[in-house]
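Working notes, structure below.
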Amino acid sequence: MTPNSPQRPIAPAESWGFFLARYGLPGMLGTALLTVGALGVGWLPLDTVVDSWPLVDVLRDSSGGLVLSRLMVFAGVAILLQTWLVTGFDLLSGQRWDTGRMSALLACWSFPLLIAPPLFSRDVYSYFGQGRLLLEGYDPYSTGVSVLPGWFTFGADPMWGETPTPYGPFFLLLSKGVADFSGGQAFLAALVFRLIAVIGLILMAVAVPKLAEQHGLDPAKSLWLAVLNPLVLMHFVAGAHNDALMVGLMLAGFALAIQKHAIYGAMLIALAASVKPIALLALPFIGLIWSGTVASFWRRVRDWIGVTVVAVITFGATALLAGVGNGWISALSAPGAVKTWLSPPTALGMLVGGIMQFLGLADNNDQAVEFFRLIGLVASLLIVAFLCLRPQGRSATRGAALAFGAVVLLGPVIQPWYLLWVLPLFAVTGLSASQLRWTILLTAAFAVHGMAESSATSDTVLEFSDLVAILVAIGVVGLILLASPRERRLVLRDPGAHGLIPQTPAAKAVADSRIIVV
């Protein structure tokens, strides 16, 4: 079906009982399996009381238990992914669901994960360590957590032991409060950080429908793609990443700005940047929203100055409250210490550098990696400048989506949850049928990555190496994507999967009203 062809008849909404049984319970089963599996292969501090639970002993202290745990994680992700695909197919095929039903699904799917050990990442223990640094009087922008007694036992990744924090002062203030509240119990702190991530998730669930409506899109469909996405549950809830709070605040800032509260929107963007400074990238697009769709260049300059002043005051206030200075600027390069094949510039540098090493032209690939990363940085800055200075033909929110996409794609490091900086902005501004299919496939690919990297333990007796785990994960997800006609029709070229676009003339008019024309 093309956007201009007749729509399918809209199916009547099911009863709440059938709806939750059909879509809520399978997703909850998937996340429940993830929770139990995390007891075996999730990240637990060495001295946590949870480690003495009988079930944890069984799952962690035997090869069979570790294999079973990882298989439960695989099965949990697979069931969650399939439930998400079935939900999306039915929604795109004409089911009439409101945002209340979608929020109920989100609650069902998220609930089991609230008590799970951190899974897919242990960054949450670094947050705890940085909070302890502040309590002990250290500056997290110049000191790593390795100066703390017993830092390794509370679960922080040794890779970041001597690395200053890359996070903003507002999040450091939260980390200090969590470290103080938890009384040195790292696992309790991890659960509190997860609640903070859930606050970000709630902000996303509130802001996404508002932004979707302002762009002529079905709020339920945008919620399905951007918030019920398996990667959100895997990394924002199970992983408890602070990116959840950053994205939630950022989307809330856009929602306020688009409802003619640009100053409050700029304040929330600054607060989001005070969690992770990358959120500052959204600020010029808040200025474009403030200016309107027919503003002159100098009007936009005036509004850019205005939102910058608001952001500086807000950010500065959080820095004063946290008692830290401007060290976050120099700490921004911390994530770049990691070399990952997921980043195109880094991967290209590693490939070229490896060839040069093989030919005896270089001792390592460091210089090649730095060269291609520099090219990526320059290219992303040029793209962002173009999107800001030549905004015509798209909405300001769409411009922000493209800017974040460029920065993520051309950045020195890509983590799976970085996709979630970008996805909500595209989900609320529209995707064609082909773009939606690629987004679904990308979700599946990053789900595979999460499954393969889900073990916090050494290889088991079955030799679950990364390669074997990746092959198994690809096989499982491949079966899920092609298992039934619904999944195949959603992922492949199905006439019914018409994308996420305005479906009526009135909705198209709303979307057009957001496009900058001058």
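Odds and ends about this structure:
- Scanning region 93-111 for residues that are open to solvent by less than 20 Å² (accessible area, probe 1.4 Å) and either part of a helix (DSSP H, G or I) or in contact with a Gly (Cβ under 6 Å, 6 or more places away or on another chain) (or both) yields M102, L105, L106, W109, S110.
- When region 150-199 is filtered for residues that are part of a helix (DSSP H, G or I) and charged (D, E, K, R), the ones remaining, listed by number, are K176, D180, R194.
- Complete set of residues in region 362-397 that are open to solvent by less than 30 Å² (accessible area, probe 1.4 Å), in a helix (DSSP H, G or I) and under 15 Å from V517 (Cα atoms): L387, C388, A396, T397
- Answer residue from region 131-149, given it is of a type outside the set (D, E, K, R) and touching a residue at least 60 places away in the same chain (Cβ under 8 Å) and is most open to solvent (accessible area, probe 1.4 Å) among those: S142
Quick grid of which residues meet (1) under 28 Å from F152 (Cα atoms); (2) at pLDDT 70 or above; (3) not in a helix (DSSP H, G or I):
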{"position": "N4", "(1), (2), (3)": "no, no, yes"}
{"position": "T31", "(1), (2), (3)": "no, yes, no"}
{"position": "V50", "(1), (2), (3)": "yes, no, no"}
{"position": "G65", "(1), (2), (3)": "yes, yes, no"}
{"position": "L68", "(1), (2), (3)": "yes, yes, no"}
{"position": "L71", "(1), (2), (3)": "yes, yes, no"}
{"position": "W84", "(1), (2), (3)": "no, yes, no"}
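- Residues considered: A279, A266, A197, A205. Of these, the only one that is in contact (Cβ under 8 Å) with a residue 40 or more places away in the chain, closer than 28 Å to S126 by Cβ and open to solvent by less than 10 Å² (accessible area, probe 1.4 Å) is A197.
- Restricting region 150-184 to residues that are polar (S, T, N, Q) and farther than 17 Å from A197 by Cα, the residue that is surrounded by the fewest Cβ atoms within 10 Å (Cβ to Cβ): T153
- Just one of the numbered conditions (1) at pLDDT 90 or above; (2) under 22 Å from L268 (Cα atoms) is not true of T165: (1).
The values are calculated or read from the model by the stated rules, or taken from the named source; none is laboratory data. Given the structure is predicted, the values throughout are model-derived calculations rather than measurements. Heads up, the Cβs are rebuilt from the backbone with ideal geometry, glycines too, and the neighbour counts pull from every protein chain shown. With ligands, DNA and RNA removed, areas are computed over all heavy atoms of the protein, side chains included. Shrake-Rupley method; radii C 1.70, N 1.55, O 1.52, S 1.80 Å.
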